[in-house]
Amino acid sequence: MVIISGGVYKMVDEKQQIALPGEKLCVLEEFLSGRGTKTSVDGTVFATVIGKVIFDRKKREVHVEAIKEPDNVAVGDIVLGEVRELQTKSAIVKILGKNGKLLKHHRTAVLLTKLGSKESLGQHVSVGDVVLAKVTSIISGLINISIWEPGLGVLQAVCDSCGSIMTCVKKDKYNVYCPKCRKFDTRKMVAPHGNEKKLLSWLGLTS
């Protein structure tokens, strides 16, 4: 098969051809633009993703099947994250997954305290906690997330004294308890029933 590479025609092995974004594949007279490709004004078909080039002779189309889906995070996504740093009004969260699937490449997000609240964010989350959050905005690459909507919050609380997994309880103003160091604390927990199942599902350990 003849394709174009850097403006020069050359022969390639169709079964082994891997394209990079922007790489020229052919001209419209040879094959029409299919999945993972676009056509320039001069009629050249080029790749838009990294992937395997597939020439469909029956439909006379060329496709580029992406090797992997990009780990993009968009506004509105529900993400799974781990609190890495905590300050009075903000926290740094490592995004581990989105919409029920783990990411191959983790992202970093910022969690802010509830708008108008005078409470410290530490009353709702702690370092090491696994949280379920919603992406509210992405500004110049900075991902902002929120846990303040119903159904969002801490899935797994971690004791900030000994690092043990805490359990949900109801005692005065407290709702989590560390069985190791016997410490009571507060978190903005997701409804406690089914949290373990939700977390295992994200990790791919349940059907």
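Here, each number is a calculation from the coordinates, and none is a lab measurement. Quantities reported herein were computed from a predicted structural model and do not represent experimental measurements. Glycine also receives a Cβ, built like all others from the backbone with ideal geometry; neighbour counts cover every protein chain displayed.
With label points built 7 Å along Cα→Cβ from the Cα atoms of residue 186 and residue 60, find their separation and express it in nm.
7.0
Could you compute the net charge surrounding residue 175? Neighbours are other residues with a C-beta less than 10 Å from the C-beta of residue 175; K and R count +1, D and E count -1.
Net charge around residue 175: +3.
If you average the alpha carbon positions of segment 76-114 and of segment 20-52, how far apart do those two centres end up, in angstrom?
Each part reduced to its Cα centre gives a spacing of 36 Å.
Taking R0 as 30 Å, what FRET efficiency do you get between residue 139 and residue 38 from their Cβ-Cβ distance, rounded to the nearest 0.05?
0.60
Distance check, please: which entries in 134/188; 52/94; 94/114; 134/170; 118/188 exceed 21 angstrom between their Cα atoms?
From the list (134/188; 52/94; 94/114; 134/170; 118/188), the Cα-Cα distance tops 21 Å for 52/94; 134/170.
How many nm separate the modelled label positions at residue 149 and residue 117, each set 7 Å beyond the Cα in the direction of the Cβ?
Reported label-point gap for residue 149 and residue 117 is 1.6 nm.
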